[in-house]
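The values are calculated or read from the model by the stated rules, or taken from the named source; none is laboratory data. Since the model is a prediction, treat every value here as computed from it, not as a measurement. Here the Cβ positions follow ideal geometry from the backbone for every residue, glycine too, while neighbour counts run over all protein chains shown. Heavy atoms of the whole protein, side chains included, go into the accessibility calculation; ligands, DNA and RNA do not. Shrake-Rupley method; radii C 1.70, N 1.55, O 1.52, S 1.80 Å.
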Amino acid sequence: PRRVLVVGGGDGGVLREVLKHPGVEKATLVEIDRAVIDTALKFYPEIPGKAFDDPRAEVVIADGLKYIAETTDTFDAIIVDSSEPIGPSAVLHTREFFAHAKRALDDDGIMVTQNGLPFTAPGHLAETTRVLASLFKHVAPYLCTQPCYFGGPFALNWASDDKGHLKLDAKDLAKRAKKREIGDLKYWTPDVHVAAFALPAYLEAIVDKAIDDAEDS
């Protein structure tokens with residue numbers, strides 16, 4: 001990926017991780033509230049690190065939906081680091097937003113968005129999967145451990161028109177990480193990456209039904 005868009009994520013953590021990839025030429029962060037960035041820099045600067053000082057980083061203070069609806073730029077990856085679908089963040093979980101994101105992606109681009117705790121809020125995962133499946137050729141929710149959320153594994157949703165991205169095995173991923181000289185990682189490994197897409201039965205059922213519903217609509 002050369003051009004990456006991060007929507008939300010004003011604490012700078014996602015931006016920091018994106019910029020670890022040397023091939024990234026530009027990473028645009030769109031945050032609705034400048035105070036989020038200022039608070040991170042003041043009280044927990046270890047999260048953004050030097051991300052905001054990186055010459056490849058562009059910070060835009062704007063509403064995420066308005067930005068993605070109006071931008072003429074295209075991106076190799078769009079990462080939506082929003083809060084739950086309530087309040088100002090609600091628009092970042094809508095069909096309108098995802099449709100604009102699809103338009104702003106390159107043909108083989110990838111979009112990832114947070115989907116909360118599916119054990120306690122399965123409807124969030126189901127609705128996002130249904131919408132994404134109606135827009136993209138391939139949808140693949142995955143799981144991670146997120147200590148600041150209590151109630152089971154944390155879900156993210158993955159969407160792309162290029163299924164080839166999902167065919168990478170642990171060996172391929174290890175080669176990429178080595179080539180890019182990405183180190184000092186506390187969670188990600190090639191095996192964790194592959195395993196994240198293996199869903200427990202109750203989530204498989206939710207995802208399969210959502211995709212079927214999208215195909216029937």
query = Is it fair to say residue 106 is of a type in the set (D, E, K, R) and touching a Ser or Thr at 6+ places or on another chain (Cβ under 6 Å)?
reply = yes
note = Residue hits (the range 199-217; in a loop (DSSP other than H, G, I, E, B), modelled with pLDDT of 95 or more and open to solvent by 40 Å² or more (accessible area, probe 1.4 Å)) are 200
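Looking at 187, 149, which one is touching a Ser or Thr at 6+ places or on another chain (Cβ under 9 Å), open to solvent by 50 Å² or more (accessible area, probe 1.4 Å) and in a loop (DSSP other than H, G, I, E, B)? Before you say what the answer is, go through the steps one by one.
Working: 149 fails: touching a Ser or Thr at 6+ places or on another chain (Cβ under 9 Å).
Sole residue among the options that is touching a Ser or Thr at 6+ places or on another chain (Cβ under 9 Å), open to solvent by 50 Å² or more (accessible area, probe 1.4 Å) and in a loop (DSSP other than H, G, I, E, B): 187.
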key: Matching residues in the range 34-62 - criterion: being under 13 Å from residue 7 (Cβ atoms) and either β-branched (Val, Ile, Thr) or modelled with pLDDT under 95 (or both)   = 36, 59, 60, 61
request  = Considering every residue within the range 116-136, establish whether at least one is surrounded by fewer than 19 Cβ atoms within 10 Å (Cβ to Cβ), without any contact (Cβ under 8 Å) to a residue 40 or more places away in the chain, among the β-branched types (Val, Ile, Thr) and part of a loop (DSSP other than H, G, I, E, B).
outcome  = yes
query = Take the residues of the range 12-29 that are within 15 Å of the chain's Cα centre (by Cα) and not hydrophobic (A, V, I, L, M, F, W, C): which is most open to solvent (accessible area, probe 1.4 Å)?
reply = 16
ask   = When the residues of the range 173-184 are filtered to those that are surrounded by 11 or more Cβ atoms within 10 Å (Cβ to Cβ) and not in a helix (DSSP H, G or I), which remaining residue is modelled with the lowest pLDDT?
value = 182
task = Go through 159, 195, 170 for me and flag whichever is among the hydrophobic types (A, V, I, L, M, F, W, C), within 15 Å of residue 130 (Cβ to Cβ) and at pLDDT 95 or above.
result = 159
ask   = Restricting to the range 137-146, what's the tally of residues that are closer than 18 Å to residue 6 by Cβ and assigned to a loop (DSSP other than H, G, I, E, B)?
value = 1
